[in-house]
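Notes follow once the structure below has been shown.
The values are calculated or read from the model by the stated rules, or taken from the named source; none is laboratory data. Bear in mind the structure is a predicted one, so any value in this text is a computation, not a measurement. Positions of Cβ are backbone-derived with ideal geometry, glycine not excepted, and every protein chain shown enters the neighbour counts. Side chains are part of the model used for accessible areas, which takes the heavy atoms of the whole protein and leaves out ligands, DNA and RNA. Shrake-Rupley method; radii C 1.70, N 1.55, O 1.52, S 1.80 Å.
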There are 2 protein chains.
Amino acid sequence: MHGLGRKAREASAGMAKAETSDKNRALLAIAEELQAARGALRKANAADLESGRERGLDSALLDRLELTDARIDTMVENLEQVAALPDPVGTIDDMKYVPSGIQIGQMRVPLGVIGIIYESRPNVTIEAASLCLKSGNAVILRGGSESIASNQAIAACVQKGLAKAGLPEAAVQVVETTDRVAVGTLIAMPEYVDVIVPRGGKGLIERISKDARVPVIKHLDGICHVYLDDRADVSKAVNIAINAKTHRYGVCNAMETLLVHQSVADQLLPELATQYREIGVELRGCSEVCRILPDAVAATEEDWVTEYLGPVLSIKVVADMDEAIAHINRYGSHHTDAMVTEDYSRSRRFLREVDSSSVMINASTRFADGFEYGLGAEIGISTDKIHARGPVGLLGLTSQKYVVLGDGHIRK
Amino acid sequence: MHGLGRKAREASAGMAKAETSDKNRALLAIAEELQAARGALRKANAADLESGRERGLDSALLDRLELTDARIDTMVENLEQVAALPDPVGTIDDMKYVPSGIQIGQMRVPLGVIGIIYESRPNVTIEAASLCLKSGNAVILRGGSESIASNQAIAACVQKGLAKAGLPEAAVQVVETTDRVAVGTLIAMPEYVDVIVPRGGKGLIERISKDARVPVIKHLDGICHVYLDDRADVSKAVNIAINAKTHRYGVCNAMETLLVHQSVADQLLPELATQYREIGVELRGCSEVCRILPDAVAATEEDWVTEYLGPVLSIKVVADMDEAIAHINRYGSHHTDAMVTEDYSRSRRFLREVDSSSVMINASTRFADGFEYGLGAEIGISTDKIHARGPVGLLGLTSQKYVVLGDGHIRK
């Protein structure tokens, strides 16, 4: 692992000074290699699927593991999209003269070496590699043991593409061992790795955050709320509450708790409950909700801190917006929270006072996504407060250094 | 310590939504309190000085510990300056419509609760508190045990000022125990503290970085370089090389290693050596330097990684700019590095390829400073790569959350 680290560190210097056109050429060359290697990719993936079945992986995991032709197409499109994004590296912001006569600005530069630790889905190999490559970083990828053959087949295509563009092949390396000790080493070598991005279940991310000796860009829970204000437009309120919960269940930006102002609970909840019931969403509520909806299950304290990732919704009636904000900041996961209202002053307060990476007015929490935000792609959604908050795209994989220009200036 | 943490977390919500005028009123009220409490401050400080002498602290430490009238004046000015700075909190950048019809921007928000751990200088209490307060954060300050009485006297003024402006008094808390265990607790309670800023010696910072369970904005060494290119203007080269080393010795942005292009070494080094010798700087050099300057001491590998913080300079002759850049990126501390040259293309490459928080052309490394950069004040200089790099001012104590405005938009 230290050998991989040393090579990545060396490669990162070459990547940092690579020209935009070379990086784009590499991305498109990798796309071509993937196209040309469809047979090899499917074969490697079949081996992973077979050993997965032998090891008794469940069908959801096997589904995520499968590299269908459509998924290979998506990887190719992903590479083309990232090639088309503007290159953030080298842009200089806020260049200005200061009273001493020197000129100061901030130049965007790569972070250096990024370690990505992920589970099952082999297409993450391309999603992560393409963003790291475009942002001028070197990357060490550590996928799940169940997808090792697929990841290596993809990595072979990446290596060929990098070589074609004259970029260092060690800019993208895949850890070839499935040994768990390897992860422990990867996250504890600050001399070679600048930041770790874990992608996977909460257990994995908590373990890594606890043991890492380098900064981690992480995303734990997505306990997202929608608050329906008494000044909400009723049809917007219903549409957003339904969309945020039921558009997709297993995603981090799905609503898990609905908060409803007491003055409109009697009006809104029965209508919402009818729709949720038709779709098959189980409702758990506070005592007031259970009064209005007799078939709702009584929610426990545990429900307010649970990310169901499924067709379950907790609902609470609140006295006013202040109680809604207090509930969100206390029980939420600082991910994405929305309010539905037509009230101008309250909307301003909600935007300012809710301490989440995305705060929304009259929009579904499902919009919290790098593509929807116009980042082009995302490596994850950060619920951290420092560095990057919310969807992390190319900019989140860079930082800014100061550049100073003088004409022989010395400090008096 | 958990009690302090809980109170700080509560206060941080009040600080995050505080209006700019209230924060400024608090800063100016604290300044008035300090003015009014000069007697009490001097008395508390005298007690610290006395017990410091009893414990046998050396004179440099006692000097840093002393709260002279001039230093109280500086604290007052510092508060007034920070009050005059623009408030970053709530500013929204890049507000734009995206194809789905929603509008997206990034709002600058406080980090939350900041823990500051520092040594000896009691004026850091005000420097740190004023920046945290203006940026809408709550702060827990843990000063050195030798300055405990001074810090508590200052804290009393801070509390009164906060109360006068109607801000939560727990927004600034000083740890009252000198127990070392308190530090261990402070850096390991992510539920109450969002980021730690250690200010002090390398040993302190390394220990904290190793044990912290929350992100650390840190600054380890300042091993700064100046590279004199063969296309340098001779008088700029000499002025900058002298200023960067001798303007002040004990500061992190002082030059520790001088790199000289081989073609100009015979010309520049004797002249520089004469000036350094007059000022009393010891010179240690590579074999080529020792050939040109017979009285220079032979440098060892250790010299290239040493932050002297005193009148000692290591010098190396390099073949070209590439060797200079390689030396800086290998042996430096990614703090501040400068090149003196009149060559346009080389200056562009140096700025891009040197991986340091400040990279300079034709300016003294001594300019790497929050005041010189126009940040108004600084809480420290970060040599980290993520979040803030270089001098950290108000912006470094904030991050950005996404705000999304819609008109009932749902995800299709």
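What the table shows:
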read-out	value
Neighbour cut-off at most 10 other Cβ (10 Å), DSSP loop, trypsin sites (Lys or Arg not before Pro), segment A:49-102	A:Arg55
Estimated D of segment B:9-139 in µm² per second, where Rh is the Kirkwood radius over Cα pairs and Stokes-Einstein applies at 25 °C, 0.890 mPa s	144
Segment B:216-248: trypsin sites (Lys or Arg not before Pro) falling in loop per DSSP and having at most 13 other Cβ within 10 Å	B:Arg248
Test item: B:363-369 mean partner chain Cβ contacts at 10 Å	6
Inter-label distance for B:Val181 and B:Asp320, nm, one decimal - labels placed 7 Å from Cα along Cα-to-Cβ	6.2
In degrees, nearest ten, helix B:344-353 long axis to first principal axis of chain B (Cα)	50
Within 10 Å of each Cβ in B:102-110, the average number of Cβ atoms from other chains	4
Separation of the A:Asp233 and B:Ala60 label points, Cα + 7 Å toward Cβ, nm	6.8
Viscosity 1.567 mPa s, temperature 4 °C, Stokes-Einstein D of segment A:57-110 from Kirkwood C-alpha radius, µm²/s	84
Relative contact order computed over segment B:157-213 (Cα-Cα under 8 Å; 6+ residues apart), in percent	27
Scaled radius of gyration (Cα, divided by 2.2 N^0.38 Å) that chain B gives	1.10
Relative contact order (percent, whole number), segment B:224-367, Cα cutoff 8 Å, 6+ residue spacing	34
Highest-MSF residue in chain B out of B:Val195, B:Val297, B:Val98 [GNM, Cα springs under 10 Å]	B:Val98
Alpha-carbon Rg with Dmax, taken over segment A:224-367, Å	13.3, 36
Size of electric dipole in the protein assembly as shown: Cβ of Lys, Arg +1 and of Asp, Glu -1, about Cα centre, debye, nearest 20	120
Accessible-area composition of chain B, carbon plus sulfur, in percent [1.4 Å probe]	49
Principal-axis tilt of helix B:321-331 within chain B, Cα atoms, nearest 10 degrees	50
Relative contact order, percent, chain B [alpha-carbon distance under 8 Å, six or more residues apart]	18
Calculated FRET efficiency for the pair A:Asp69/B:Glu80, C-beta based, R₀ 51 Å, to 0.05	0.15
Alpha carbon Rg of the protein assembly as shown, scaled by the compact-globule rule 2.2 N^0.38 Å	1.01
Percent of beta bridges antiparallel (DSSP, chain B, rounded to nearest 5)	30
Total accessible surface hidden between B and A, rounded to 100 Å², 1.4 Å probe	5600
Top of B:Ser382, B:Ser145, B:Ser59 by mean-square fluctuation, Gaussian network on chain B, Cα under 10 Å	B:Ser59
Shielding score for A:352-358, defined as the mean number of other chain Cβ atoms within 10 Å	5
Accessible-area ranking of B:His327, B:His2, largest first, probe 1.4 Å	B:His2, B:His327
Label point distance in nm, A:Leu309-B:Ser287, each placed 7 Å from Cα along Cα→Cβ	6.2
Pairs from A:Lys385/B:Lys385; A:Lys385/B:Lys202; B:Lys218/B:Lys385 whose Cα-Cα separation, in the structure shown, is over 19 Å	A:Lys385/B:Lys202
Size of segment B:331-412 as Cα extents on the principal axes (Å, biggest first)	58, 31, 24
Probe 1.4 Å, accessible area per residue of segment B:324-412, Å²	29
Pair-distance profile P(r), taking every C-alpha pair of segment A:100-255, with 5 angstrom steps and integer %	1, 8, 14, 16, 15, 12, 9, 8, 7, 5, 3, 1, 0
Using alpha-carbon coordinates, inclination of helix A:69-84 to the longest axis of chain A, degrees	70
